[in-house]
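Each reported figure results from applying straightforward, stated rules to the coordinates on display, with no laboratory input. Predicted model only: the values in this text are computed from it and were never measured. Heads up, the Cβs are rebuilt from the backbone with ideal geometry, glycines too, and the neighbour counts pull from every protein chain shown.
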Amino acid sequence: MSAPTSTVAQPVEVPAAPVPTVGSHFRDYLARVLGGDMGALPAVFGLIVLCAVFAALRPNFLTAGNFANLFTQGAAVTLIAMGLIFVLLLGEIDLSAGFASGVCAAVLAQLATLHGFPWYVAAGAAIVTGVVIGLALGFLVAKVGIPSFVVTLAAFLAFQGTVLLLIKGGTNVSIRDSVLVAIANRNMPPWLGWTLTLLGVAGYAAVQLIRYRTRTARGLVTEPVLVVLLRIGTLAVLLGAAVYILNLERSRTLLVSLRGVPIVVPIIAVLLIVWTFVLQRTAYGRHVYAVGGNREAARRAGIDVDRIRISVFVICSSMAAVGGIVAASRAASVDANTGGSKVLLYAVGAAVIGGTSLFGGKGRIVDAVLGGAVIAVIDNGMGLLGYTSGVTFVVTGSVLLLAASVDALSRRRAAATGHR
């Protein structure tokens, strides 16, 4: 009887994924675009066209001073739009975000100016106010079952009255704290702008290259390394050009120097990075997209749908509070119109123009930045051309309608071609 022979299991090698070429990558991207997955392409194209038109009609549109104005002019709307994207991803809407920012700004002014609290206490209280507002709205939508349109429309009216009560009717409360005023009205030293730019580009390059190496080592399909390097190089060139322009002297007098990147810019950049990480790299972000894509399927998969629905309203109102702080800083005051007028319309418009779908399940935080840039360029360019607010509203509304039409047609095309 022969002794049994032992067999040693040989490790199974995972076949390496084929490395795509630059040509095949471009063809795949073109196929996705033609299939309805246009992403931020319409917003980028629109931004380029608008800048070219305004630069041709009004050459001072391209000056360093006006370039800096675009950042501060669109900062508050961009920040509010970042929060709205979380709500829109679930197919909900928050009509109260504008006046919620006004309520939080009024709390800031009350504590910082009328009661003499330090800036960090006043700003913290404003953000906490935003969190409380979001919890209340989210509870009514998720637990009570009232449609978000109705809840936030009621809140829109109530918050408008709350602002009037907090600032005692039609009075104007000045913001005198130097730190709060500096947020939207002061600039960083030129050296600090370059330092943050180098750190940002280096961090982005590290993330992209580590991701490329990890996916390649695991045999997963990845982008060609040339495409990765091109993306890093493009970001470096764009940021470098922006910092160079912003570091030019913008003052028209010899008595005061006006140079550097506005302080509000790194604030927006940090929040962009944080919320992008939350949506794309965390389980919570995946749950948000899942609930926005199919609420019942997400529920059956074990996701706490109500918790997700409440949380997005909390994030939205918290970002509205940040936007309100920036708006109060830029105006150095708070009045009955803070957060009102066109703020909500511009914020929703920024999210949609940037590429976020009104139907839920599709959107990125960077959409708020791109859409906010489009809104700021239109508002700024029309002002330089001397057009009235009526004409500006018509143009902005037309651009928003065009963006919504592109979204609807893209979804129809994606459904027809299977590129969901």
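Just the Cα atoms of the chain: what Rg and Dmax do they give in Å?
Spelled out, the Cα radius of gyration and Dmax of the chain are 24.0, 104 Å.
What aspartates and glutamates could a cross-link reach from residue 168, if we take a straight Cα to Cα line under 18 Å and drop same-chain neighbours fewer than 8 places away?
Within reach: 335.
Report the extension gain between residue 131 and residue 158 in nm, rounded to one decimal, defined as 0.36 nm multiplied by the number of residues separating them, less their alpha carbon distance.
8.0 nm
Where the convex hull is taken over the Cα atoms of region 142-283, what is its projected area averaged over directions, in nm²?
15.2
Could you give each residue of region 150-161 its phi-based ³J(HN,Hα) in whole Hz, using Karplus coefficients 6.51, -1.76, 1.60 with θ = phi - 60°, and x for Gly or Pro?
Each residue's phi maps through the Karplus curve to give 5, 4, 6, 5, 5, 5, 4, 6, 5, 5, 4, x Hz.
Using the alpha carbons of region 46-174, what is the convex hull volume per residue in cubic angstrom, as a whole number? Display every interim value, and only then the final one.
Details: hull volume 20.0 nm³, N = 129.
Dividing the Cα hull volume of region 46-174 by its residues yields 155 Å³.
Using only Cα atoms, figure out Rg for region 201-248 and give it as a multiple of 2.2 N^0.38 Å.
On the way: Rg = 13.6 Å, N = 48, 2.2 N^0.38 = 9.6 Å.
Ratio of Rg to 2.2 N^0.38 Å for region 201-248: 1.42.
Grab the beta carbon distance between residue 217 and residue 149, set R0 = 51 Å, and tell me the FRET efficiency rounded to 0.05.
Details: r = 48 Å, r/R0 = 0.94.
That gives a FRET efficiency of 0.60.
Can you compute the radius of gyration and Dmax for region 268-420, using only the Cα atoms, both in Å?
Over region 268-420's Cα set, Rg and Dmax evaluate to 17.6, 56 Å.
Taking the Cα atoms only, what angle lies between the long axis of helix 366-384 and the longest principal axis of the chain, rounded to 10 degrees?
Roughly 40 degrees between the two axes.
Measuring from label point to label point, each 7 Å out along Cα→Cβ, what is the residue 182 to residue 24 span in nm?
5.4
Treat region 204-280 as a sphere of radius equal to its Kirkwood radius over Cα pairs and apply Stokes-Einstein at 10 °C in a medium of 1.306 mPa s; give the translational diffusion coefficient in µm²/s, rounded to a whole number.
The estimated diffusion coefficient comes to 103 µm²/s.
Hey, what did region 69-187 get for relative contact order, percent, Cα under 8 Å, at least 6 apart?
Averaging sequence separation for qualifying contacts and normalising by length gives 35 percent for region 69-187.
For labels at residue 253 and residue 202 in the simple 7 Å Cα→Cβ model, what's the distance in nm?
Result: 3.9 nm between the two label points.
Just need the relative contact order of the chain here, percent rounded to a whole number, with Cα pairs under 8 Å and 6+ apart.
35
Give the relative contact order (percent, whole number) for region 131-255; include only Cα pairs under 8 Å separated by 6+ residues.
Values: 32 pairs, mean separation 21.7, N = 125.
For region 131-255, the relative contact order is 17 percent.
Where Rh is the Kirkwood radius over the Cα pairs of region 340-420, the temperature 37 °C and the viscosity 0.692 mPa s, what D in µm²/s does Stokes-Einstein return?
Details: Rh = 13.4 Å.
D = 246 µm²/s.
Between residue 195 and residue 405, what is the spin-label point distance in nm, taking each point 7 Å from the Cα along the Cα→C-beta axis?
So the two model labels end up 5.0 nm from each other.
Taking N as the number of residues in region 119-214, what value does Rg over Cα atoms divided by 2.2 N^0.38 Å take?
My calculation over the Cα atoms of region 119-214 gives 1.70.
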